[in-house]
1. What does the copy distance list look like for A:Asn252, label position 7 Å along Cα→Cβ, in nm and ordered from shortest?
2. Quick one: which residues, 5 or more positions from A:Lys29 or on another chain, have an amide H under 5 Å from its amide H? H modelled 1.01 Å from N in the peptide plane, none for Pro or chain starts.
3. Which value, in debye to the nearest 20, gives the size of the charge dipole of the range B:102-216 about its Cα centre, when Lys and Arg are +1 and Asp and Glu are -1 at the Cβ?
4. Nearest 0.05, what FRET efficiency do A:Leu168 and B:Lys286 give at R0 = 51 Å with Cβ-Cβ as r?
5. Between A:Glu305 and A:Lys29, what is the label-to-label distance in nm when each label sits 7 Å out along the Cα-to-Cβ direction?
6. Excluding A:Glu305 itself, what net charge comes from residues whose Cβ is under 13 Å from its Cβ, given Lys and Arg +1 and Asp and Glu -1?
7. How big is the Kirkwood radius of the range A:173-301, worked out from every pair of different alpha carbons and given in Å to one decimal?
8. In whole Å, what are the extents of the protein assembly as shown along the principal axes defined by its C-alpha atoms, from largest to smallest?
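Read the figures in this text as sums done on the coordinates, not as results from a lab. For clarity, every value in this text was computed on a predicted model and none was experimentally measured. As a convention, Cβ positions derive from the backbone with ideal geometry for all residues, glycine included, and neighbour counts pool all protein chains shown.
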2 protein chains.
Amino acid sequence: MNAGIKVFAPATVANVAVGYDILGFALEKPGDEIIAKFTNTPGITITKITGAKGKLPYETEKNTAGFAAQKVLEFLGDTKTGISLEIHKKMPFGSGLGSSAASAVAGAMAVNELLKKPLTKRELLPFAVLGEQIADGAYHADNVAPSLLGGIIFIRDNQSLDVHRLPLPKGLYATVVHPNVRILTKDARDVLSDQVSLNQTITQSGNLGGFIVGLYNSDIGLIGRSLQDVIIEPQRAKLIPHFQDIKTAAMNEGALGCSISGAGPSIFALSPNSLIAENVKESMAKIFTDAKIEHQIFISQINQEGAIKL
Amino acid sequence: MNAGIKVFAPATVANVAVGYDILGFALEKPGDEIIAKFTNTPGITITKITGAKGKLPYETEKNTAGFAAQKVLEFLGDTKTGISLEIHKKMPFGSGLGSSAASAVAGAMAVNELLKKPLTKRELLPFAVLGEQIADGAYHADNVAPSLLGGIIFIRDNQSLDVHRLPLPKGLYATVVHPNVRILTKDARDVLSDQVSLNQTITQSGNLGGFIVGLYNSDIGLIGRSLQDVIIEPQRAKLIPHFQDIKTAAMNEGALGCSISGAGPSIFALSPNSLIAENVKESMAKIFTDAKIEHQIFISQINQEGAIKL
């Protein structure tokens, strides 16, 4: 009975330049892994955490993965089953790549898989969002939904989780660079003005709509023209060293767009093929290397599966 | 040689609740008609205007239809041909139904049709936009593009006329009511704050994206949830007598959405079928009738053809 199961939930890029709080896509890697096993203690118990440098709590209700797992169990009305979780963090905190979302998704998935899928993936979404809320404070699905469901996800409304998967043109590659500098999500939010000019709103709406239409029509040129953030990126760019140089380098190599991943400091670029994505990677890396800023950089297609049982 | 040709350009609903300056759709009627004939005087001459109560200028350069027509002729490098235009206005000014846009489109179409189509419809767009600019001051395609091309049009960017036709689910009907009250486009713009809260921007972007996704997926429920304007309508509603009552009546009958057409005072509702559109029409009409406000009201499918040669 107690072999247990292992699940994987991937990192994600939220906002995607033109969809602050309402767009996100899943990466192939990195991501978090959780092993779930039955135990004799009813409820969720966290027995092991690796890769977190002691920074994650073992208390179920304070842990994103634990809380999401517990909410699934509660929803199922199961007060007798005991499940233990081993959480293996395989991605950095505060990177802007949806670390807490991946943990929450993995927690919800792990319980569901161990119990032989009483719920669909889509039905797990609210519990994973509740889990991430512990870390982030906000009830937002822009990282959680793509980590769970895969693909490029558009969220009409976060409160009601009115979530839609967008079509994916062939050949898109993301280049993602994570500089080892620290930005707190709270600081990244505090730097934003709570007012936007009407003209900026019109421009950004045009770009969001253009991006969506471009995805539906596989219109790579339109996607490229649309990936321009006139609201959030100009305010947050200063938090990330060399952001403008990195962006210029990516665009010069032929990227369709380049912007901040989530609240940063990671930066993503989307490219129309793997060759351009490689060139973008080299040019981005050179700038951080020359500036002696430690960083991780990788290329990923958009992950179509989302969270999976390994 | 001089039988001439006649063209028709339809009225349009711009903004469509969630796409201020960047969405519009075409109605089947009303619209403007223009008859074009060859004359011996080089350039564009306006020989007759009906339906305008003397309010439209005969000077080509000051007339939206005349100026659009002239710009087409200039683009073709034709300095010898003379064309006369008879302009038959068949829709009210200042109604929020794109009256000046329809005239400009008809002017550009008329010249192109008389010359046996040297340009495609899409190629006529910038000249028609220049024509409308005479009346409106702004270089905007949200009425002009749907009047010319038909359908529901999304504009990523007005300056570069990055214009895209969206798919149209079957069965959508518009109910449009035009109360005989006067709103100047300038007043309708002046009433708008030039600042929007970031939260409103996120909500409205979600609704714009949801509307577009709904059109692509023929998801009528999503279209209905998306047709909510949290930015423009709350500011402009007070300019239109009984707006809230009209809207409530339409929504109670099952409309998917109801908002201001363009700068108003016309109000449109979208319904998922003709039966609901009829009920919406009756309920809307009753409110203006009870309030003794003269009005015109009609039902139209979305016009798929746009401007045509009759």
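1. With the label placed 7 Å along Cα→Cβ, A:Asn252 yields 6.4 nm.
2. Answer set, sorted by chain and number: none.
3. 440
4. 0.60
5. 1.3
6. So the surrounding residues net to +3.
7. 15.2
8. The Cα atoms of the protein assembly as shown stretch 93, 60, 37 Å along their principal axes.
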